[in-house]
Amino acid sequence: MDLPVSPTDLGAVRPYSEVYAQYTGEARETLGRSPLPPTLENLVWRYFSSLEPVPGQR
């Protein structure tokens with residue numbers, strides 16, 4: 001299968017901390033363009049905080 005815009009090869013594993021940072025950045029960018037009501041925005045950041053990788057763990 002050809003994935004021309006994929007940042008990795010099919011079946012490749014990316015470090016969780018790399019994926020987390022990328023998704024968090026995308027959430028910040030999206031919320032900057034299209035803000036949510038404060039209550040919902042707070043929920044988004046609580047969600048990402050709960051998923052934040054612990055340093056030294058994989």
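The values are calculated or read from the model by the stated rules, or taken from the named source; none is laboratory data. Note that the structure is predicted; figures quoted are calculated from it, not measured. Here Cβ is always computed from backbone atoms with ideal geometry, including for glycine, and neighbour counts include all displayed protein chains.
Below are the figures for this structure:
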| read-out | value |
| --- | --- |
| Cβ-Cβ under 8 Å pairs, at least 6 apart or on other chains, segment 18-37 side under 15 Å from SER49 (Cα atoms), far side at pLDDT 85 or above and of a type in the set (Asp, Glu) | TYR20/GLU52 |
| Evaluation of MET1 against (1) surrounded by fewer than 10 Cβ atoms within 10 Å (Cβ to Cβ); (2) at pLDDT 85 or above (one fails), failing number | (2) |
| Residues satisfying the stated conditions in segment 29-42, i.e. surrounded by 12 or more Cβ atoms within 10 Å (Cβ to Cβ) and part of a helix (DSSP H, G or I) | THR30, LEU31, GLU41 |
